[in-house]
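Report on one structure; see the data block that follows.
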Amino acid sequence: MSFLTLSQAAKSISKSKSTLNRAIKSGRLSAVRNEDGTFSIDPSELARAFPQNAPERAPVVHHEAHSERPGTEASSKIAMLEQLLEREREALAREREVSADLKEDRDRWRAQATGLLSDLRTAQEKTSSAASSEVFPSAPPKRFWKRLLGR
């Protein structure tokens, strides 16, 4: 039984590696983690989890209802339109996956920027409090002779 790596599986179904990784983490796709940390994915499991993108699957055209006269122009147009509709649905699914990946990346960047901004504000508050203590120093110490003579 041959297993696919994450990269090979992603290429075979035209998805990104991060999409497959999220599917594995969510439990939608089963995979075996190897000792080196990589995943091995069974092709049949990949076809189960992503049926519209399975490499073995031929496009299905449903035109049995219109097969009374198979040579008619209308039935060929219907078959062509059904194929076009299927391709558009697949393109839409790919676009939704890309959109989800981009939203996830955006959220990570936003969280990182928020953390850095809070760190910057904390550092500025520390420097401003240190600067304010330098502006108003405590009373200067008495000179040596005044301390010695008690004045």
Worksheet item: Expressed as a whole number of Å, what is the distance separating the alpha-carbon centroids of region 90-121 and region 29-54?
Response: 25 Å
Worksheet item: How far is it, in nm, from the label point at A47 to the one at V98 when both lie 7 Å from their Cα along the line to the Cβ?
Response: 2.8 nm
Practice prompt. Could you order peptides 89-102, 115-128 by the average number of other Cβ atoms within 10 Å of their residues, highest first?
Written response: 89-102, 115-128
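Laboratory data are not the source of any read-out in this text; all were calculated from the coordinates shown. The structure presented is a predicted model; accordingly, all values stated were derived computationally and were not measured. All Cβ positions, even for glycine, are placed from backbone atoms using ideal geometry, and neighbour counts span all protein chains on display.
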